[in-house]
1. Just to make sure I understand: if all protein chains stay in place, what is the order of Ser15, Ser132 by accessible area at 1.4 Å, largest first?
2. Apply the Karplus curve 6.51 cos²θ - 1.76 cosθ + 1.60, θ = phi - 60°, to the phi angles in region 14-20 and return the couplings in whole Hz, x for Gly and Pro.
3. For Leu16, enumerate residues with amide H under 5 Å from its amide H, sequence gap 5+ or separate chain, H modeled in the peptide plane.
Amino acid sequence: YDEEDPLGEAFALFSLFPVFLVCSLSTLVAFNRDLRVCYVLLCLLLTTGGCSIVKRIVAQVFAEHTNHHLRPETSELTSPGMPSNHSACSAYVAFFAILFAKRRLAHITSSRCYIRFVERLCLALATCVVSSMCAYSRVRL
C-alpha cells in the first residue's frame, strides 16, 4: 500500500480478512469440531480453488493504471489478477452469514427473542460491510 495514503493501512487490514477468517475457522475446527464450521472452511477452500481455475482460464493481467511501482521487485506482476480469491472468499462468508441469519431468524415471533434477532442481523450486516471493504481494498491497493 502507499505510505502516503491515510486509508492504505486500514484497507490492507481489510484485505487480510480472509486470512484471519481461515485462521479462526481452523482453530474452531480443531477445538470445537462443529459441522457448520467445517462446511464453511471446506467451501472457502473450494472457492479459492475455483477462483484459481477461473484465473487460469481468463488470464486477465493487472491493469496499467494500478500501482505497480508500489509492488516489490520480486512480485510476479504478470499473474492473473481477477477474480480475487480474497474478495470471493469474503463474499462467500457474507452470503453464508445472511442465509444463516435468515434461517435462524425466520421463526422468531416473541419479543424476548428480539435481542438475538438484532445480534444476528447486525452480525450478518457487519460481515457484508467487511466483505465489501475487502473487495474494494483489492481494487484500491
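1. Numbers: Ser15 10, Ser132 70 Å².
From most accessible down to least: Ser132, Ser15.
2. So the Karplus estimates, Gly and Pro as x, are 5, 5, 8, 3, x, 5, 4 Hz.
3. Amide H neighbours of Leu16: none.
The values are calculated or read from the model by the stated rules, or taken from the named source; none is laboratory data. These figures come from a predicted structure and were not determined experimentally. These accessible areas exclude ligands, DNA and RNA; they are computed on the full protein's heavy atoms, side chains included. Shrake-Rupley method; radii C 1.70, N 1.55, O 1.52, S 1.80 Å.
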